[in-house]
Structures are given as structure tokens and as C-alpha cells.
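The values are calculated or read from the model by the stated rules, or taken from the named source; none is laboratory data. Treat the numbers as computed from the prediction; the structure is a model and nothing was measured. FYI the Cβ positions are ideal-geometry reconstructions off the backbone, even for glycines, and counts take in every protein chain you see. These area figures cover heavy atoms from the full protein model, side chains too; ligands, DNA and RNA do not enter into them. Shrake-Rupley method; radii C 1.70, N 1.55, O 1.52, S 1.80 Å.
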Amino acid sequence: MILLNNNHNLNTYIKEMAQLSLTEVSKRFNVNRTTIYRAVSNGKLSRLSNGLFDLAEVIRVFGEAPTHET
């Protein structure tokens with residue numbers, strides 16, 4: 001459980017959780033890194049100023065991440 005001391009920290013935490021690295025996108029969405037680079041190059045997907053990807057935009061481009069059954 002994560003304890004946050006005010007709403008500002010909660011908003012920051014939520015915003016950061018909605019950002020994925022290239023590796024995270026590749027693993028979670030089962031998409032080859034080359035495919036991600038191509039989507040960026042073609043203008044279909046953009047990176048944030050910090051180099052990460054916005055989760056909502058990744059879902060828009062690649063669809064929902066597959067679920068893993070255990």
C-alpha cells in the first residue's frame with residue numbers, strides 16, 4: 001500500500017503511473033521495439049518530453065494489453 005500525504009502527491013503518482021518506457025510498452029503490449037520505433041517515426045505514436053509514452057496513447061495505437069492468465 002502506498003501512502004501519500006496530499007493530493008498533489010497523488011496526482012503526481014497517478015500521472016507517473018500512466019507513463020511507460022519503451023521496454024515496458026514492448027513487454028506489456030507484446031509489441032516488438034522496432035514496431036514501436038516505426039509508430040513513432042510515422043507519427044502514429046509520440047513520446048512525452050521525458051522520453052516515456054502515455055499509456056492512453058499506447059492503448060489507442062496498439063489496443064488493450066493482453067492479460068496473462070496464471
Practice prompt. Please state which of the following conditions residue 6 fails to meet, knowing it meets all the rest: (1) at pLDDT 70 or above; (2) exposed (fewer than 10 other Cβ atoms within 10 Å of the Cβ); (3) over 11 Å from the mean Cα position of the chain (by Cα).
Written response: (1)
Practice prompt. State yes or no: is residue 43 open to solvent by 50 Å² or more (accessible area, probe 1.4 Å), at pLDDT 95 or above and not in a helix (DSSP H, G or I)?
Written response: yes
Item to complete: Under 9 Å between Cβ atoms, at least 6 apart or on separate chains: pull out the pairs that start in the range 48-70 with a residue that is small (Gly, Ala, Ser) and end on any residue that is in a loop (DSSP other than H, G, I, E, B) and open to solvent by 50 Å² or more (accessible area, probe 1.4 Å).
Response: 65/30
Worksheet item: Any idea how many residues of the range 49-65 are open to solvent by less than 60 Å² (accessible area, probe 1.4 Å) and in a loop (DSSP other than H, G, I, E, B)?
Response: 4
Worksheet item: Taking interchain pairs and intrachain pairs at least six residues apart, which have beta carbon atoms under 9 angstrom, with the first residue in the range 17-28 and charged (D, E, K, R) and the second surrounded by fewer than 13 Cβ atoms within 10 Å (Cβ to Cβ)?
Response: 28/66
Discussion item. Checking residue 13 against (1) over 13 Å from the mean Cα position of the chain (by Cα); (2) at pLDDT 70 or above; (3) open to solvent by 70 Å² or more (accessible area, probe 1.4 Å), only one condition comes out false. Which one?
Written reply: (2)
